[in-house]
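Novice: Can you read through this structure? Questions will come right after.
The values are calculated or read from the model by the stated rules, or taken from the named source; none is laboratory data. A quick note: this is a predicted structure, and the numbers were derived from the prediction, not measured. In this analysis, Cβ positions are derived from the backbone assuming ideal geometry, glycine residues included, and neighbour counts consider all displayed protein chains.
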């Protein structure tokens, strides 16, 4: 039997106990009882808003795994991950630097984006802080006349052993604790082949005591949802399956919309669970970023939470919280008269997604990415995911 379950939230700027009691369908007196006689709240406070009776269910996951992706700066609106990693390493289980690609011109080879010095510096920094570091491998390298899906297919069909040798040479050279596979484009006919590829790779990695995490696209709008990836088959071999429940509305789309609406995230997760993926194997995707659309124009630009706040201050943007999607959004008019719609994530929306991790007894979360977040979101991560591996 599972013990009583508590629900925590992060208080947002300007919120009162009366507003919290109305939103969570409780009383001010009950909030006071749950929080040691609390009579007022301030922005950033983490408080209990609900308590459920014990329930019979599968054993509680003893610890949560929190994986944070790490990159350098990606323009003025997308700062790098170093400062966030150093500040919040105690709340991370592992970090996955976005540094390694399949080489499209030399199949089976792995192409680094940064120098050996930068790699070693982060490995040593992670070691000092007790955080596992994973070699994150992607198929985003650009080469004329090829696609990401073509490159991965060729590696799996004709250059698999070469890739394995190069991967474990990379892992051993820099003393990585494991591998994160982040192949986001897969041919339809390669679905079963990729499952076999991950099984072989996992056997090799586990024989050396290395961790394997595999990222998969998550989209409840697709029918069938897992047309790209065999969720249950991959979960059998990997230690964790990272479901990328973000980019619901992609920056290439003309119509603006949420990065990860709560109902969409919940539906995608439910499909994975119904398909037989063990909850303890799932890392739920948590976005730390947002997108800014100019109404009437195709495409959007990515923004950190800090960049959203700067836009709000500069243009007098109006921020609201969507009642159905359970995420914040902002409208503003730029200096040229263009009307904008910004969809992003803050501590409140992230906190609601973390409730899904607790409710469904998941293994943890994957975060894209460190350095883009609402700083107060870390209070919710601490409160809702502890104990963290």
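Novice: Take the residues of segment 318-328 that are in contact with a strand residue (DSSP E or B) (Cβ under 8 Å, 6 or more places away or on another chain) and surrounded by 18 or more Cβ atoms within 10 Å (Cβ to Cβ): which is nearest to residue 230 (Cα to Cα)?
Specialist: The first filter runs over segment 318-328 and keeps only residues in contact with a strand residue (DSSP E or B) (Cβ under 8 Å, 6 or more places away or on another chain), leaving 318-322, 327-328.
Filter again for surrounded by 18 or more Cβ atoms within 10 Å (Cβ to Cβ), leaving 327-328.
On the way: 327: 29, 328: 32 Å.
Taking the candidates together, the pick is 327.
Novice: Just checking, does segment 289-298 include any residue being surrounded by 19 or more Cβ atoms within 10 Å (Cβ to Cβ), within 25 Å of residue 385 (Cβ to Cβ) and either in the same structural domain as residue 74 (by TED's automatic domain parsing) or at pLDDT 95 or above (or both)?
Specialist: Taking every residue of segment 289-298 in turn, at least one turns out to be surrounded by 19 or more Cβ atoms within 10 Å (Cβ to Cβ), within 25 Å of residue 385 (Cβ to Cβ) and either in the same structural domain as residue 74 (by TED's automatic domain parsing) or at pLDDT 95 or above (or both).
Novice: Please pick out the residue among 207, 136 that is within 25 Å of residue 235 (Cβ to Cβ), in the same structural domain as residue 366 (by TED's automatic domain parsing) and in contact (Cβ under 8 Å) with a residue 60 or more places away in the chain.
Specialist: On the way: 207 fails: in contact (Cβ under 8 Å) with a residue 60 or more places away in the chain.
Exactly one of 207, 136 is within 25 Å of residue 235 (Cβ to Cβ), in the same structural domain as residue 366 (by TED's automatic domain parsing) and in contact (Cβ under 8 Å) with a residue 60 or more places away in the chain, namely 136.
Novice: Among the residues of segment 333-345, write down those that are buried (at least 17 other Cβ atoms within 10 Å of the Cβ) and in a strand (DSSP E or B).
Specialist: Here is the first cut: in segment 333-345, the ones buried (at least 17 other Cβ atoms within 10 Å of the Cβ) are 340-345.
Correct list: 340, 341, 342, 343.
Novice: Within segment 268-278, identify whether any single residue is in a helix (DSSP H, G or I) and closer than 19 Å to residue 79 by Cα, and answer yes or no. Spell out how you get there, then give the answer.
Specialist: Initially, segment 268-278 is screened for residues in a helix (DSSP H, G or I), giving 268-274.
After this cut, where a residue has to be closer than 19 Å to residue 79 by Cα as well, the list is none.
Within segment 268-278 (the criterion being in a helix (DSSP H, G or I) and closer than 19 Å to residue 79 by Cα), the answer is no, since none of the residues qualifies.
Novice: May I pose another question? Being touching a residue at least 60 places away in the same chain (Cβ under 8 Å) and in contact with a strand residue (DSSP E or B) (Cβ under 8 Å, 6 or more places away or on another chain) is the filter; apply it to segment 258-272 and report the residue that is farthest from residue 330 (Cα to Cα).
Specialist: 269
Novice: Name the pairs: first residue in segment 377-388 and on the phi > 0 side of the Ramachandran plot, second residue buried (at least 18 other Cβ atoms within 10 Å of the Cβ), Cβ to Cβ under 6 Å, at least 6 apart or on different chains?
Specialist: Hits for this filter: zero, empty list.
Novice: Then there is this: Which one of 19, 2 is surrounded by 13 or more Cβ atoms within 10 Å (Cβ to Cβ), at pLDDT below 80 and more than 27 Å from residue 328 (Cβ to Cβ)?
Specialist: Working: 19 fails: more than 27 Å from residue 328 (Cβ to Cβ).
On inspection, the qualifying residue turns out to be 2.
Conditions (1) buried (at least 20 other Cβ atoms within 10 Å of the Cβ); (2) within 29 Å of residue 238 (Cα to Cα), marked per residue:
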| position | (1), (2) |
| --- | --- |
| 314 | no, no |
| 330 | yes, no |
| 347 | yes, no |
| 350 | yes, yes |
| 357 | yes, yes |
| 365 | yes, yes |
| 377 | yes, yes |
| 385 | yes, yes |
